[in-house]
Amino acid sequence: MAPSESNCNGELKTRLRRTQSVTRAEEITDQEQKQRKSQPDKPVHKPRDSLFSWSSNFNDFSGLVNWGFLLLTMGGIRLLLENFIKYGFRVDPVQWLIVLSGKNEGDSSYPSVVLALYSSVPIVLCIIIEKGLSVEIIPETTGKFAHVFNLIAVVLLPIVVINLRGTSFSLMGSTFVCFLYCILFVKLWSYVQVNLWCRQNQKNQKVSISGKRRESFSIAEFERKHHRNSNTDQNENFIANDTKDHEPLKLIEYPDNLNLRDLIYFLLAPTLCYELNFPRTTRIRKRFLIKRILEVVVGVNIVMALFQQWMIPSVKNSLIPFSNMEFTKATERVLKLAIPNHFIWLCGFYLIFHSTLNLLGEILHFADRNFYCDWWNANNVDTFWKTWNMPVHRWCVRHLYIPLVDMGYSRFAASGVVFFISAFFHEYLVSVPLRTFKIWAFMGMVSQLPLSYVSKFLEKNVGERWGNILVWGSLILGQPLCIMVYYHDYVIQNYNKVILEPEYLE
């Protein structure tokens, strides 16, 4: 019943209340439903929303997912048939071996192999410096300068050698060397910084112990304590005899970790963050190991076949549109290249982060297998970079972000430093092997900062789904554009003209 109120003359006046809008069909009263069911007309209708309405709370679209997957499969098969009709069967495992070994590139001195073997020198120097610091033969300041010089040399050595002996290196050889020295740099950084933390903790403990006053005991207290300790020792001996087979693993402490065996294990382990005591598994699961080996073998063959059959023709066909700056045709080439490139990227992700890293972890008894998280559900760019490559993310947070924040820098400044260093290494891994020093990869990484704000805006104001669509769009379209630009610059720089085989012309 609507409430009533009196006016200034004392008359009662009914106050009409505005009817609330109803957005859901279910909000019809239960009493009305019971009345309708009692009618003799056998009603078949009841309050229901359409399934595509948000108010229906329906979320089981598995059939539509299957339909989309089937449609994508049919489209992929059509593209595959079109590729075979147009270019023929191009897969040749012999050519894979020639490209991977660099047989037709470089010279017979194998500089990539020499440079890879030379990587043992900074490793030995690092352990020698740490040994000297642990026994205080080397002053702390001198040791820091020596480590900085050693790490800078690790980064600069491939740049200098590859450019001085440019044509002596094969493309795959120089790429392998750059990846090797890049991984070596971040691992040695972690090793040096962790040992520095251990030395500082050791010095702090010595200072705290020396600052304490020694306690004084009376003779009676000493006798009581001795009697209590003797009883405790008897109980402990009894327990030790009973649980002798279940002794816990003794943890390694600094400086007992400073040996070549410990450092080599860390360099081979599927992690970039050093610890004195890594979590270990007790056994090797043979069935799991065989599965990972098969995945690596099959995965490498699939990726190489896709490169040879699908990727190379598409990239070569992009040269003329990019050289002539034909926007429409260049856009069409980017979209055409996006599908095989993205498929290869997904295969490469699974091959590296799941198959290969799990294979290494199983062989080395490394128990932490969290190499990636659910990056495919990322609703913004920040979440994607935090979840898709967990070894790199942990290293950046542990050895860059947190130390910078502890030094007094703002979180924004620390995040900016992390992005710029990541951008540098992305450019390093592309420009140095190609000997084409551009800034496309660097700018692509720096552009992630404004893209991050856009994705967060979409997530907050439009919906999480649109943020996730933006993340996927940047992955699908950004990578082929970068590949085309670098390939174009590489061909122009090394051959002074656009090379396009007639068989690839459309």
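The values are calculated or read from the model by the stated rules, or taken from the named source; none is laboratory data. Quick caveat: nothing in here was measured; it's all calculated off a predicted structure. Here the Cβ positions follow ideal geometry from the backbone for every residue, glycine too, while neighbour counts run over all protein chains shown. These area figures cover heavy atoms from the full protein model, side chains too; ligands, DNA and RNA do not enter into them. Shrake-Rupley method; radii C 1.70, N 1.55, O 1.52, S 1.80 Å.
Structure summary
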{"read-out": "Test for residue 343: is it at pLDDT below 90, farther than 21 Å from residue 299 by Cβ and part of a helix (DSSP H, G or I)", "value": "no"}
{"read-out": "Breaking point among (1) open to solvent by 70 Å² or more (accessible area, probe 1.4 Å); (2) not in a helix (DSSP H, G or I), for residue 114", "value": "(2)"}
{"read-out": "Residue match in the stretch 43-54 (condition: part of a helix (DSSP H, G or I) and modelled with pLDDT under 75)", "value": "yes"}
{"read-out": "Sole exception among (1) at pLDDT 85 or above; (2) surrounded by fewer than 13 Cβ atoms within 10 Å (Cβ to Cβ) for residue 155, by number", "value": "(2)"}
{"read-out": "Every pair of residues 6+ apart whose Cβ atoms lie under 7 Å, when the first sits in the stretch 309-331 and is more than 14 Å from residue 486 (Cβ to Cβ) and modelled with pLDDT of 70 or more while the second is outside any helix (DSSP H, G or I) and open to solvent by 10 Å² or more (accessible area, probe 1.4 Å)", "value": "309/90; 309/91; 317/506; 320/498; 320/500"}
{"read-out": "The stretch 364-405: number of residues that are more than 16 Å from residue 353 (Cα to Cα), at pLDDT below 90 and open to solvent by 60 Å² or more (accessible area, probe 1.4 Å)", "value": "1"}
{"read-out": "The stretch 158-186, subset in a helix (DSSP H, G or I) and of a type in the set (S, T, N, Q), residue surrounded by the fewest Cβ atoms within 10 Å (Cβ to Cβ)", "value": "167"}
{"read-out": "First in the stretch 111-130 and over 13 Å from residue 263 (Cα atoms), second anywhere and outside any helix (DSSP H, G or I) and open to solvent by 80 Å² or more (accessible area, probe 1.4 Å), Cβ under 9 Å, 6 or more apart", "value": "111/165"}
